[in-house]
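Visitor: Structure provided below as structure tokens; questions to follow.
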Amino acid sequence: MASIWAKSIVNLQVLAVFFCLMVCLPPGGGQKKKENLLSEKVDQMMEWSSRRSVIRMNGDKFRRFVKAPPRNYSVIVMFTALQPQRQCSVCRQANEEYQVLANSWRYSSAFSNKLFFTVVDYDEGADVFQQLNMNSAPTFMHFPAKGKPKRADTFDLQRIGFASEQLAKWIADRTDVQIRVFRPPNYSGTIALALLVSLVGGLLYLRRNNLEFIYNKTGWAMAALCVVFAMTSGQMWNHIRGPPYAHKNPQNGQVSYIHGSSQAQFVAESHIILLLNAAITMGMVLLNEAATSKGDVGKRRIICLVGLGLVVFFFSFLLSIFRSKYHGYPYSFLIK
């Protein structure tokens, strides 16, 4: 009987202590601490953003302000390798476009604490690259205010390019934040056009008494071929999409000049295609010259062989590039 009374007294004491704790502790203590932590993080991000549009982060800052909850803001992170020893020219070009976009957001009237732009350099946050299993740069990722990043939160740089306008469209799809891109004035195009007009005008003035060169068919043919080469090599696509010049793997330093997909290309790739098309055209011109000219037979035979060699070799090279981009293409010629 005594033991039962003792157990009852102990239970009553435990209940009394629990009741006192419930009364003494302020309601929502954990929630208030969470709100205070979130407020501190937002204030810190706003302070950094007021100094520079793109916040530089190392591993510790990334884990605290981007990965760890609580967070009610979205973060755009550019993973890059900007140090000179990395020799990543694409990273520098992408960083320029990224800065333009971040500045457009920072100095717009719609700027708020709902979106921040950050950058993690490989030499300052290699542990972050390893944590995310990332082996290429530059890479753009969106970390939403709630939940974990999904597949669509990684920007498809290889297919779309890294132009500020394309990044802004992607951000609008992921966050509903509309950013109007403002670029600093660039007068290089206007100056180039003025110089071209001045050059043409000066040439016409100097040759005003002899303008027969305007009717030169060879000159107009060369100009037309230049336009054709530029268009067929994808220069207009480069202008619209703004792809990188090439891609360098930061892990092994290997540089790729040909994109592995038929849906995209590098700027260097369009230059290669332009040269191949020009070489094939030159070969066709030599073959035509050998067939239509009335000169020495031996000379015509040499011209024919040179033209045929140009066509066969460079067309084989062009076909091999097409095979590497369009997987499963069954045809090849000389070069596989």
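The values are calculated or read from the model by the stated rules, or taken from the named source; none is laboratory data. Small disclaimer: the values here were computed from a predicted structure and weren't measured. Backbone-built Cβ (ideal geometry, glycine too); neighbour counts: all protein chains shown. Note: areas computed on protein heavy atoms with side chains; ligands, DNA, RNA excluded. Shrake-Rupley method; radii C 1.70, N 1.55, O 1.52, S 1.80 Å.
Visitor: For Lys32, which lysines qualify as cross-link partners when the Cα separation must be under 21 Å and same-chain residues fewer than eight apart are set aside?
Guide: Lys41, Lys67, Lys114, Lys146
Visitor: Accessible area of the chain with a 1.4 Å probe: how many percent of it is carbon plus sulfur? Please report the intermediate quantities before stating the final value.
Guide: On the way: 13230 of 21550 Å².
Looking at the chain in its full context, I get 61 percent from C and S.
Visitor: I would also like to ask the following. Quote the convex hull volume per residue of region 216-325, based on C-alpha atoms, as a whole number of Å³.
Guide: Numbers: hull volume 13.1 nm³, N = 110.
Considering the Cα atoms of region 216-325, their hull volume per residue is 119 Å³.
Visitor: While we're on this one: Grab the other residues whose beta carbon is less than 13 angstrom from that of Asn113, score K and R as +1, D and E as -1, and report the net. Working shown, then result.
Guide: Numbers: positive: Lys41, Arg71, Arg106, Lys114; negative: Glu40, Asp43, Glu47.
Counting the neighbours of Asn113, the net charge comes to +1.
Visitor: Would you please give the residues with an amide H less than 5 Å from that of Tyr122, counting only those at least 5 places away or on a separate chain, with H modeled from the backbone geometry?
Guide: Thr80, Ala81, Leu82
Visitor: Right, next: For region 173-278, state which trypsin sites (Lys or Arg not before Pro) are in a DSSP loop and have at most 13 other beta carbons lying within 10 Å of their beta carbon.
Guide: On the way: sites: Arg174, Arg180, Arg207, Arg208, Lys217, Arg241, Lys248; in loops: Arg180, Arg207, Arg208.
Passing both the DSSP loop test and the Cβ count: Arg180, Arg207, Arg208.
Visitor: Residues with beta-carbon under 11 Å from that of Met57, excluding Met57: net charge, scoring Lys, Arg +1 and Asp, Glu -1?
Guide: Values: positive: Arg56, Lys61, Arg63, Arg64, Lys67; negative: Asp60, Asp121, Glu124.
Within the 11 Å Cβ shell, the charges total +2.
Visitor: Okay, moving on. Where is the GNM fluctuation largest for the chain (alpha-carbon springs, 10 angstrom cutoff): Met222, Met57, Met45?
Guide: Met222
Visitor: In what order, largest first, do His142, His271 sit by accessible area if the probe radius is 1.4 Å?
Guide: Putting His142, His271 in descending order of accessible area: His271, His142.
Visitor: Using θ = phi - 60° and the Karplus form 6.51 cos²θ - 1.76 cosθ + 1.60, what ³J(HN,Hα) does each residue of region 49-64 get, whole Hz, x for Gly and Pro?
Guide: Working through the residues one at a time gives 5, 5, 7, 8, 5, 10, 8, 7, 9, 9, x, 5, 5, 4, 5, 7 Hz.
Visitor: Please identify every one of the trypsin sites (Lys or Arg not before Pro) in region 253-326 that sits in a loop by DSSP and has no more than 14 other beta carbons within 10 Å of its own beta carbon.
Guide: Numbers: sites: Lys294, Lys299, Arg300, Arg301, Arg323, Lys325; in loops: Lys294.
In loop regions of region 253-326 (DSSP not H, G, I, E or B), the sparsely surrounded trypsin sites (Lys or Arg not before Pro) are Lys294.
Visitor: While we're on this one: Obtain the radius of gyration and the Kirkwood radius of the chain from its C-alpha atoms and give Rg over Rh. The partial results should precede the final answer.
Guide: Details: Rg = 32.0 Å, Rh = 25.8 Å.
Taking Rg over the Kirkwood Rh, I get 1.24.
Visitor: I would also like to ask the following. Using the Karplus curve 6.51 cos²θ - 1.76 cosθ + 1.60 with θ = phi - 60°, work out ³J(HN,Hα) for each residue of region 171-178 in order, rounded to whole Hz, and write x for Gly and Pro.
Guide: 5, 4, 5, 8, 10, 6, 8, 8
Visitor: Further question: Rounded to the nearest 5, what is the percent of antiparallel bridges among the DSSP beta bridges in region 30-175? Kindly include the intermediate steps, with their values, before the conclusion.
Guide: Details: 6 of 16 bridges.
Roughly 40 percent of the DSSP beta bridges within region 30-175 come out antiparallel.
Visitor: For region 145-203, run through the chymotrypsin sites (Phe, Trp or Tyr not before Pro) and keep only the ones in DSSP coil with at most 12 other Cβ atoms within 10 Å of their Cβ.
Guide: On the way: sites: Phe155, Phe162, Trp170, Phe182, Tyr187; in loops: Phe155, Phe162, Phe182, Tyr187.
Those that pass, being in a loop and sparsely packed, are Tyr187.
Visitor: With a 1.4 Å probe and every protein chain left in place, work out the accessible area per residue of the chain in Å², rounded to a whole number. Display every interim value, and only then the final one.
Guide: Numbers: 21550 Å² over 336 residues.
The answer is 64 Å² per residue.
Visitor: Per residue of region 289-304, what does 6.51 cos²θ - 1.76 cosθ + 1.60 with θ = phi - 60° give for ³J(HN,Hα)? Whole Hz please, x for Gly and Pro, Karplus curve as stated.
Guide: With coefficients 6.51, -1.76 and 1.60, one gets 5, 5, 7, 9, 6, 10, x, 4, 5, x, 5, 5, 5, 5, 4, 5 Hz.
Visitor: With springs connecting C-alpha atoms under 10 Å apart, model the chain as a Gaussian network and identify which of Asn209, Asn58, Asn238 has the largest mean-square fluctuation.
Guide: Asn209
Visitor: Taking amide hydrogens as modeled 1.01 Å from N in the peptide plane, which residues meet the under 5 Å criterion relative to Lys248, leaving out close sequence neighbours?
Guide: Excluding prolines and chain starts, which carry no amide H, the hits are Ser256.
Visitor: To one decimal place, what orientation-averaged projected area in nm² is obtained for the convex hull of the Cα set of region 30-175?
Guide: 8.8 nm²
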